[in-house]
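Below is one structure, written out as structure tokens; comments come after it.
The values are calculated or read from the model by the stated rules, or taken from the named source; none is laboratory data. Fair warning: this is a prediction, and the values are worked out from it, not measured in the lab. For neighbour counting, all protein chains shown are included, and Cβ atoms are generated from backbone atoms with ideal geometry for every residue, glycine included.
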Amino acid sequence: MSSLALAFVLVAMMQATPPPVAAAQQAQPPKLIYAGSSTAYVSADNLFGAVAVLMNDGTVRSVANRVELFAANGLEYAGGDTRPAIPELEPGAWHAVRCSMTPSRSDSALVLGAVSKQDGALPAYVVQPVHHLEADPGPEAQRVPTAPGGRVRGKRAYAETANLRVSVETTVAGVPLLLVACRTKSGWRRAGAVAPLASVLSAEPGQEPWWEVLKVDEVSVSAAPDSVVLSVAGSVGLRWRATATITLRSGRTAAEVGLRLSPLKRVHCRAVRLAPYCAGDRSFGSAVSETLQPVAGVRGGVGAVRWGEITTGVAVDTASAPAQWLPTVVPAVPGLDYVPIAFEWASAPGVATLMAGSQLEFRVRLFAMPGSADVQDALRHAPAAPPSEPPAPQPTILLPDPAPATSSGR
């Protein structure tokens, strides 16, 4: 090679850009994903477990840090370490910390929080209300109904058949909860709870959306020879009227839960949750023998657990949902005294613009199957596959958003 050619080669090598080297991810503290009660609800002034859950959602081992549980409203510390140290966690691992608290009064509104702290970094907070019942619902009555029926006592009610019983309990904040029980060979047995009954992620134009829960105005029960319907009418924030119905039918081990929403003004709606299920709450807890991990698709979804002879869970079918609204699985929080199973509907374009007086309707099925031999029995409640795949639906044309307001408030 000539000296001139060699010089050109050396210049080219000097000017060549070296391949980029991926920087190693810096270790971070685990993410605080939950703070609240370890159970679906708290009763009267009873002792309960306050829990904070942290998870390493990174790709490298997290750094050690510290978390602090605190009573934001209506709670008193009763025992345990409220400022525990959090160890280093492998990617995908989680860690739960607990202490004991009690409501300061049986009718107080409860708010619990946690803060994750690391030297030199901004603290991360999670603060949320705790569902609080003024009176303990007590154990399931062992009577066996001869026909579908129910009863209303103010904002408490129940509906039952010979196989299934669903009770509505209203918190001190006016939020309706559901208690689900099934009849086994040894009598009635609690299968789980729903807390809250429904919630909506929405906002008016110019606002950032936030979650609000259904609050009850009136509860009613209507019975027929082969079915009973429990209705909960109320509102979601200041923007929605809502009615939820729970239908039980003779010979069935599932309750059909429907939700009808109607905005009172023009709103942007991003997501809706209906009947998030706390399987095993006040019953077998999180100690299950089999799990059917929740999955969701264009037809719907199903998720369930089995404990002993009971298989219980939730199923959704998109045939009842508005066009372009598809269900997804809500990530379950580990470390609680129950197994969370929940689905969320979201508008396929990302946000739905709804006018006052329009309607949205959703349905899920809560099932509790005694005598079950396998958790796969839950697939009986899964949405049926169509004979052939339908053509892709045309996108819904939504109203354009107005120019954002200069200021807004909640």
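Across the range 54-75, the number of residues qualifying as charged (D, E, K, R) and either closer than 20 Å to Gln128 by Cα or not in a loop (DSSP other than H, G, I, E, B) (or both) comes to 2. What about Gly300, is it assigned by TED's automatic domain parsing to the domain that holds Lys185, surrounded by fewer than 16 Cβ atoms within 10 Å (Cβ to Cβ) and at pLDDT below 95? For Gly300, the condition - assigned by TED's automatic domain parsing to the domain that holds Lys185, surrounded by fewer than 16 Cβ atoms within 10 Å (Cβ to Cβ) and at pLDDT below 95 - is not met.
Yes/no per residue for (1) closer than 30 Å to Ala368 by Cα; (2) touching a Leu at 6+ places or on another chain (Cβ under 9 Å):
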| residue | (1), (2) |
| --- | --- |
| Ala96 | yes, yes |
| Cys99 | no, yes |
| Val115 | no, yes |
| Val127 | no, yes |
| Val144 | yes, no |
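Table: residues versus (1) part of a strand (DSSP E or B); (2) among the hydrophobic types (A, V, I, L, M, F, W, C); (3) in the same structural domain as Tyr277 (by TED's automatic domain parsing).
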site	(1), (2), (3)
Thr39	no, no, no
Asp45	no, no, no
Ala52	yes, yes, no
Tyr77	yes, no, no
Arg83	no, no, no
Leu89	no, yes, no
Gly92	no, no, no
His95	yes, no, no
Cys99	yes, yes, no
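Within the range 355-372, residues that are in the same structural domain as Arg266 (by TED's automatic domain parsing) reach partners that are of a type in the set (Asp, Glu) and assigned to a strand (DSSP E or B) with beta carbons closer than 7 Å, at six or more positions or on different chains, in the pairs Arg363/Glu256; Arg363/Asp317; Arg365/Glu256.
Taken over the range 235-252, residues that are within 22 Å of Arg165 (Cβ to Cβ), in a strand (DSSP E or B) and in contact (Cβ under 8 Å) with a residue 40 or more places away in the chain amount to 4. Of all the residues in the range 346-381, those that are closer than 24 Å to Val229 by Cα, surrounded by 19 or more Cβ atoms within 10 Å (Cβ to Cβ) and not basic (Lys, Arg) number 10.
In the range 196-212 there is no residue matching the filter, namely being under 17 Å from Pro370 (Cα atoms), among the hydroxyl-bearing types (Ser, Thr, Tyr) and assigned to a strand (DSSP E or B). Would you say Leu214 is under 30 Å from Leu264 (Cα atoms), buried (at least 23 other Cβ atoms within 10 Å of the Cβ) and in the same structural domain as Glu344 (by TED's automatic domain parsing)? For Leu214, the condition - under 30 Å from Leu264 (Cα atoms), buried (at least 23 other Cβ atoms within 10 Å of the Cβ) and in the same structural domain as Glu344 (by TED's automatic domain parsing) - is met.
Taking the conditions exactly as written (at pLDDT below 95, at negative phi and of a type in the set (Gly, Ala, Ser)), does Ala114 satisfy them or not? Judged against the criteria, Ala114 is not a match.
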